[in-house]
Every structure is written in structure tokens, then in C-alpha cells.
Amino acid sequence: MAANEYRKPLPIPQPHTRAFWQAARQNQLKIQKCRQCGHVQHYPRATCTACWSAELDWQTCTGRGTVYSYTIAYRSTTPEFVNDDPYIVAIVELEEGVRMTTNIVDCPLTAIGVDMPVQVVFDHVTEEIALPKFRPA
Ligand SMILES: [Zn+2]
């Protein structure tokens, strides 16, 4: 699909999420790490959820994780996703310890399961936005 044909909702990078989206565009998965207490977190926020510090760095992830939970959407209620049915929505737990809501791709519906090892892939849906998704490792 050409980038200008993408019709699904897109993230709008904000000051505290811009580095995440810039990294994704370069096929890198980054999470925030607190400079004060070492806490790692996802999704990106303006402050640390453990100590409220605003001194946050970005840590590059391995891109490896496991399926923490998932569901299969057989009938999407959102018009933009109807042509994707069925598809897998999952929460992936990264090796770094944070969880990320995402899609599992390149995976038969009968093969998906909790604790399945997965690896990040980037879906470059526009010139600006690449969505991190995961496939079986
Ligand atoms: Zn902290």
C-alpha cells in the first residue's frame, strides 16, 4: 500500500513521544529510563511513574519479548480495520520488563499463545510513522 493511501488512525508525536517515533522510523524500539531511579516505562510520558522525575533517557530495546495476553478480532467495529479481519491484538512483554499494546503479524491464528516468543518488526505506514508490531521469533 502506498504511504498516502493509509487511512487508519495515526499517532501524533508529542514532545515526550517524539524520540520514540523517530526511533521507530529507523527500525529501533526505545523505552524511557529514569536517570534518577532507573525505572523503565512504556508508553512514553513526561515524568517517571516511579519517582516523578522529569529526567528521562531513552534506552534501545532488543525488540525481543513474549506475548503477555492477546485477543483475535474477527469482526472489527472500526471501519478502517474491517479489511484486516481477523487480526491479533496483543500485549507484549519486552525483555526490558515493560508491556506494549501491539499487533502480532505473520502468525497463524491457531499458533498464537501466551508466552510465545516474539520479535519486533516495523510497519512503515507513512513517511513519518512506523508502527512497532511483533511476529513469532
Ligand atoms: Zn524515576
- Note on the structure: Among the range 77-102, those whose backbone N falls under 11 Å of a label point 7 Å along Cα→Cβ from Q59 are 95-98
- Gained length - D106 relative to D85, 0.36 nm times residue gap less alpha-carbon distance: 6.2 nm
- Query: Using a cut-off of 21 Å between alpha-carbon atoms, which lysines can reach K8, once sequence neighbours fewer than 8 places away in the same chain are excluded?
  - Reply: K133
- Task: Calculate what fraction, in whole %, of the accessible area of the range 59-137 sits on carbon and sulfur atoms when a 1.4 Å probe is rolled over the protein chains.
- Result: 49 percent
- Distance from the range 86-137 to the range 32-54 (C-alpha centre basis), Å: 23 Å
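Once you have the Cα-Cα distance between N27 and V114, take 0.36 nm times their residue separation minus that, and quote the gain in nm to one decimal. The partial results should precede the final answer.
On the way: separation 87, 0.36 × 87 = 31.32 nm, distance 2.50 nm.
This chain segment gains 28.8 nm when fully extended.
Once a ≥ b ≥ c are taken as the square roots of the eigenvalues of the Cα gyration tensor of the range 15-136, is the result rounded (a/c under 1.5), prolate (a/b larger than b/c) or oblate (a/b not larger than b/c)?
Details: a/c = 2.10, a/b = 1.65, b/c = 1.27.
Because a/c hits 1.5 or more and a/b exceeds b/c, the range 15-136 counts as prolate.
The values are calculated or read from the model by the stated rules, or taken from the named source; none is laboratory data. Remember, predicted model here, so these are calculated numbers, not experimental data. Neighbour counts run over all protein chains shown; Cβ positions are idealised from the backbone, glycine included. Please note that ligands, DNA and RNA were not included when accessible areas were found on the heavy atoms of the full protein model with its side chains. Shrake-Rupley method; radii C 1.70, N 1.55, O 1.52, S 1.80 Å.
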